[in-house]
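Worksheet for the structure shown next.
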Amino acid sequence: MIDLSLANNHLEGPIPSSFKTLLSLEFLDLSKNNLSGVIPKSLEALLYLKHLNLSFNKLQGEIPTGGPFGNFSADSFVSNRALCGASRLHVPLCKYKTEVNPNWRKAKYIISGVMSVILLAAAALILILCRKRNVKVVREIASLHQVLWRRVSRLELVRATNGFHESNLLGTGGFGSVYRGTLSDGIDIAVKVFNLQLEGAFKSFDKECEMLSNIRHRNLIKIISCCDELDFKALILQLMPNGSLEKWLYSPNRSMTILQRLDIMKDVAFALEYLHHGYSIPIVHCDVKPSNILLDDDMVAHVADFGIARLIGGGDSMTETMTLATVGYMAPEFGMEGSVSTRGDVYSFGIVLMETFTKRKPTDEMFVGEMDLKQWIADSLFPDAAIGEVVDADILGAEEDGDFVSRRDCLSSVMRLALACSATLPGERINMKDAAITLTKIKTKYLKDCGGVNS
């Protein structure tokens, strides 16, 4: 077993130590349950584990440090009862028991009683204030980012980017520009500055700031802060040193192996699966494309740009989404009916999956009349040997190569998955949960067929 997701299942009791026998496990999600007790130290034996989510449980005790735990971030342990461990995980340092004299024990109980009264009074006051202000919704993870949140002024951003100098410009999007910068405490950042002269810029800023502040996943871009001044709006984001997937696909001095491309698209699949199925209200990104897939130091992919994202059932007008979603990646029902659903993101994912392995944009000039990227791919799958005519020549290799058949079979499977995601009718598309599982199986089979060679 490689992937195991038991999130939102109302599980109770301790985490079974028997998980240590799942040695091939790469993805384990136990979030949003009622699990209690300590995190078993035996999980350190899961050396292939890349993603762990134990958030929103009632776990306590020391977070293990061995094996894969050295690679996990604070995202894996958010909102638990009493975890402790390394400071980088944003939990208290573990305190070891020492002898306490009887007088201090008494004082401790007195202090606890006083603090309880104060906290109850404070809670009552907050409740009264909230009712007075007609607060409609208490979001389930509204306080999630408070640990990392910090205030950043416009002046500090000007200094961090050397006056938004052109040499620090990383790119330009629909609502503004993104700059590289370094804060006074040495944190490298990306600053997305909104052009407030553009129609919809204010709404896009509010939407993206709200979305990124209330969702959290290993493969979603992380927000550090929002700078919200009267005539200046900016998002301060985690810097992605390796740029976008688009740059890696089309820069002549960059190349990626089959495995790198599989891993990147698996990351994107996990991010979209979380948005669609891991949140109380499904979130539709609405603009999945290579330029919105950013890569960190380890080539781990992070989905970015939530400026036109939608909460299903949020009651927003669809006109703006129809206007701003990118041609070529936009599902047919977006453009024809203005219909927004998670299936639209699945369609976009399928198109990006094709592009990642062919290096052909859906808007390439070769696609005219009835011929488009999907049809071109579909034609290449019958017979299988024709797959070599459409995929990126850098990754297939020559027929004389020892693992040529493994590569061809892997790429054929990827293209079939891409077509299943990008069916014309929304009801005929698979969902992101199934897409993520299928992509994981394709990678596993490829590694087995080629003997685990990183090619």
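All of the numbers you see were taken from the coordinates with simple rules; none came from a lab. It should be emphasised that the depicted structure is a prediction, and the values quoted were computed from it without experimental measurement. We place every Cβ from the backbone using ideal geometry, glycine too, and count neighbours over all the protein chains shown.
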In order through the stretch 9-22: 3J(HN,Hα) via Karplus (6.51 cos²θ - 1.76 cosθ + 1.60), integer Hz, x for Gly, Pro: 10, 6, 6, 10, x, x, 6, x, 5, 5, 4, 4, 7, 7
Loop-located GluC sites (Glu not before Pro) in the stretch 149-243, at most 12 other Cβ atoms within 10 Å (DSSP): GLU199
Distant-in-sequence amide H partners of LEU35 (H built 1.01 Å from N, under 5 Å): LYS58
Only Lys, Arg (+1) and Asp, Glu (-1) charged, at Cβ; the stretch 245-449 dipole about Cα centre in debye: 420 debye
Least to most buried among THR342, THR424 (fewest other Cβ within 10 Å first): THR424, THR342
Spin-label model distance (nm) - ALA45 vs SER251, 7 Å beyond Cα toward Cβ: 4.3 nm
Loop-resident sites, the stretch 331-410, for GluC sites (Glu not before Pro), counting at most 12 other Cβ within 10 Å (DSSP): GLU365, GLU370, GLU399, GLU400
Net lengthening on full extension, GLU365/SER291 (0.36 nm per residue, minus Cα-Cα): 24.7 nm
Relative contact order (percent, whole number), the stretch 245-449, Cα cutoff 8 Å, 6+ residue spacing: 22 percent
Per-residue Cβ neighbour rank within 10 angstrom, fewest leading, TYR179, TYR250: TYR250, TYR179
³J(HN,Hα) computed for each position of the stretch 38-49 - Karplus, 6.51 cos²θ - 1.76 cosθ + 1.60, integer Hz, glycine/proline x: 9, 7, x, 5, 5, 5, 4, 6, 7, 5, 8, 5
Within the stretch 362-455, trypsin sites (Lys or Arg not before Pro) in DSSP loop having at most 14 other beta-carbon neighbours inside 10 Å: none
